[in-house]
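The values are calculated or read from the model by the stated rules, or taken from the named source; none is laboratory data. These numbers were taken from a predicted model, which means no experiment stands behind them. FYI the Cβ positions are ideal-geometry reconstructions off the backbone, even for glycines, and counts take in every protein chain you see.
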Amino acid sequence: MFYIAIVGRPNVGKSTLFNKIVGGRPAIVDGIPGVTRDRNIASVEKYGRRFGLIDSGGFELKSEDIILSQAQEQTQMAIEESDIIYFVVDGKEGITPIDEQIARSLRKAGKQIRLVVNKIDNPSVEPKAQDFARLGFSDIFPVSAEHSIGIEGLLEETVRFIPEEKDEAVSDDEVKDQPVKLAVVGKPNVGKSSMVNKLLGTGRMMVSEIAGTTRDSIDSEIERDGRKYTLIDTAGIRRKAKVTNKLEKFSVIMAIKAIERSDVALLLIDAIEGVTIQETKIAGLIDDAGKGCVIVVNKWDIVEKDDKTTLVYEEKIRARLKFLSHAPIMFVSSLTGQRLDKIFDVVMEVYGQCRKRIGSGKLNSMMERVTLSRRPSLFRNKRVKIYYATQASIMPPTFIFMTNSPRGVHFSYRRYIANQIRINAGFDKAPLRLIFRKPSGRRTYQGQEK
């Protein structure tokens, strides 16, 4: 994925700009109200291009006496991880020594820089933005993040440099020859490298060690029961990054890159600590990316257990990670190897469902029963009707529903439909995407014009 990072000293409006750009993003299908997710990193689609947006404001420390060092550190993170950088300055306050320090670092980066002069609230003060040219950047954009002025122009100029994503058709035979890519993600010290090493050690044949396309990640290829896998381990990144007390927040950037490259994500959780905010963030990234997921609870060997421990623990995970309700949960030990040999079997179940297709005839026959069993609610005093459904794509399975009122399909009814597809069509372990549209020519489930 193409990445844009927003950098700058504190209080120049980085987070406001981030929120304005991200704010129009469509809601996630199957989203559950009340789920808190970290918004420091987001996947955004604008003008037909998709990109990752990083708000470096989320990495700031609270201590006022180390403002310069924090600005340098967050800038370095952005330099390393992004393709384009939005360098935000305060148009009202003018150039400060910290702005100059950041500018010096950015000029050495060799990245595309957009100088975003914020807080230019009306045209009369727009000429002041040109005063910032002495920072050494020619692409200057006067904006007011708070009032949404100039942001569309900034984005229109930027997306010209973002490559278009192409979906290449791959036959089933070609898929069998390609390795299944597994992203091993989780917070630091949860046992990712230990698990990868154990899996490699128990594999029948380790094919090779290859350099990953994600910076500093380590990809290991392994063949198991005639099937090839690529294990993407991000653990080495954080050791090298040396971001000290920013370690956990910085690891989210690494996780999203690994997740984007993967077919299935293995989300590791420490059995002793349980689900923390960090796992919730990463789980949200997996869901946003539409990737299959297996939740792997590691260090299970050191948990004191009785006959109800597993069930109680699973209920706690489901309560915290509601948007991954479809993801299988495994309890393993990287130290002893307990149940690690079962991971590949579960991965292939998830992967198989992510690639599964259901014919339109079967889907619409099922949907007819589903809507008769529970009708959609009224919207603006009119009954919402669903005329026709089809599966548009796989990875993740994506379904399009033709309806007289896309806005009128309540989130609870969308969740009901998703659950019925999972139960009746064998998608219980896969992420689903549901899209509701108005048809140009309405069709009933029987294919008749209405």
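Please note which strands (runs of 3 or more DSSP E) are completely contained in the stretch 10-96 and include at least 2 residues that are under 26 Å from ILE435 (Cβ atoms) and modelled with pLDDT of 60 or more.
The qualifying strands (runs of 3 or more DSSP E) are 41-46, 49-55.
PHE427 versus (1) touching a helix residue (DSSP H, G or I) at 6+ places or on another chain (Cβ under 7 Å); (2) surrounded by fewer than 18 Cβ atoms within 10 Å (Cβ to Cβ): which is the lone unmet condition?
(2)
Residues are listed down the side, and each one gets a yes or a no for (1) at pLDDT 95 or above; (2) not β-branched (Val, Ile, Thr):
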| residue | (1), (2) |
| --- | --- |
| ILE282 | no, no |
| ALA289 | no, yes |
| GLY292 | yes, yes |
| VAL297 | yes, no |
| GLU304 | no, yes |
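Does ILE102 qualify as being in the same structural domain as ARG50 (by TED's automatic domain parsing), under 29 Å from ARG49 (Cα atoms) and touching a strand residue (DSSP E or B) at 6+ places or on another chain (Cβ under 9 Å)?
yes
Would the stretch 366-382 turn up any residue that is in contact with a helix residue (DSSP H, G or I) (Cβ under 8 Å, 6 or more places away or on another chain) and closer than 30 Å to GLN178 by Cβ?
No.
What tally of residues in the stretch 311-324 results from selecting those that are surrounded by 14 or more Cβ atoms within 10 Å (Cβ to Cβ), of a type outside the set (Val, Ile, Thr) and touching a residue at least 24 places away in the same chain (Cβ under 8 Å)?
6
Take the residues of the stretch 280-310 that are of a type in the set (Lys, Arg) and outside any helix (DSSP H, G or I): which is nearest to GLU45 (Cα to Cα)?
LYS291
Just wondering, is there one or more residues in the stretch 327-341 that are in a helix (DSSP H, G or I) and either crowded, with 20+ Cβ neighbours inside 10 Å or modelled with pLDDT of 95 or more (or both)?
No, the stretch 327-341 contains no residue that is in a helix (DSSP H, G or I) and either crowded, with 20+ Cβ neighbours inside 10 Å or modelled with pLDDT of 95 or more (or both).
Inside the stretch 352-380, can you point out the residues that are more than 15 Å from ASN419 (Cβ to Cβ), basic (Lys, Arg) and either in a helix (DSSP H, G or I) or in contact (Cβ under 8 Å) with a residue 24 or more places away in the chain (or both)?
Scanning the stretch 352-380 gives ARG355, LYS356, ARG357, LYS362, ARG380.
Restricting to the stretch 344-403, and then to whatever is buried (at least 17 other Cβ atoms within 10 Å of the Cβ) and among the aromatic types (Phe, Trp, Tyr), can you tell me which residue is nearest to THR230 (Cα to Cα)?
Across the stretch 344-403, the extreme among qualifying residues is PHE344.
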